[in-house]
Amino acid sequence: AAVLADEKKAEDIRAYDVTGLTVVADSFVICSVNNEPHMKAVVSNVRNGMKEAGVGARTEEGRFDGGWVLVDFGSVILHVFRKEARAFYDLDGLWADAPTFDLDLEP
């Protein structure tokens, strides 16, 4: 999911290993986008790429014009934020104690 988001130039991509810390997923992928079209491109690319890998989205919540979209793939939950919404909700701060995955994405 992180690589697929990176393909569409999502920014500040982080992946948290929340195994054992919550029952809703094993990992959260969180990224930022600049505007609504950018958000649509990132969400669409991740959704399509995951589907091709055999992992379809269970549900999608939020609105593209609302600043935050969540896509639940079961063990992985993708959070795509406009920068202002990401700062407001501060999921990075909430999960700061969770281990992170080394994504090794190209700058």
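A few points about this structure:
- Residue among ASP102, ASP65, ASP92 that is at pLDDT below 95 and outside any loop (DSSP other than H, G, I, E, B): ASP65
- For the range 57-68, the criterion of being closer than 16 Å to LEU4 by Cα and in contact with a Ser or Thr (Cβ under 9 Å, 6 or more places away or on another chain) is satisfied by no residue at all.
- Of all residues in the range 73-94, those that are farther than 12 Å from ILE13 by Cα and in contact with a Leu (Cβ under 8 Å, 6 or more places away or on another chain) total 1.
Listed here are the residues, each with its yes/no results for (1) assigned to a loop (DSSP other than H, G, I, E, B); (2) touching a Cys at 6+ places or on another chain (Cβ under 9 Å); (3) of a type outside the set (Asp, Glu); (4) in contact (Cβ under 8 Å) with a residue 40 or more places away in the chain.
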{"residue": "VAL24", "(1), (2), (3), (4)": "yes, no, yes, yes"}
{"residue": "PHE28", "(1), (2), (3), (4)": "no, no, yes, yes"}
{"residue": "MET39", "(1), (2), (3), (4)": "no, no, yes, yes"}
{"residue": "VAL42", "(1), (2), (3), (4)": "no, yes, yes, no"}
{"residue": "MET50", "(1), (2), (3), (4)": "no, no, yes, yes"}
{"residue": "GLU84", "(1), (2), (3), (4)": "no, no, no, no"}
{"residue": "ALA87", "(1), (2), (3), (4)": "no, no, yes, no"}
{"residue": "ALA98", "(1), (2), (3), (4)": "yes, no, yes, yes"}
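- Filtered by the rule that a residue be over 18 Å from LYS83 (Cβ atoms) and among the aliphatic types (A, V, I, L, M), the range 12-35 gives ALA15, VAL18, LEU21, VAL23, VAL24, ALA25.
- Which listed residue is surrounded by 14 or more Cβ atoms within 10 Å (Cβ to Cβ) and touching a His at 6+ places or on another chain (Cβ under 7 Å), from LEU21, LEU91: LEU91
- If you go through the range 27-54 and keep only what is hydroxyl-bearing (Ser, Thr, Tyr) and either touching a Pro at 6+ places or on another chain (Cβ under 7 Å) or crowded, with 18+ Cβ neighbours inside 10 Å (or both), you end up with SER27, SER32.
- Candidates are the residues of the range 63-87 that are farther than 17 Å from GLU36 by Cβ and not acidic (Asp, Glu); the one that is surrounded by the most Cβ atoms within 10 Å (Cβ to Cβ) is ILE77.
- Screening the candidates ARG47, ARG86 for the property of being among the basic types (Lys, Arg) and within 16 Å of VAL3 (Cα to Cα) yields one hit, ARG47.
The values are calculated or read from the model by the stated rules, or taken from the named source; none is laboratory data. Quantities reported herein were computed from a predicted structural model and do not represent experimental measurements. Glycine gets a Cβ as well: all are built from the backbone with ideal geometry, and neighbour counts include every protein chain shown.
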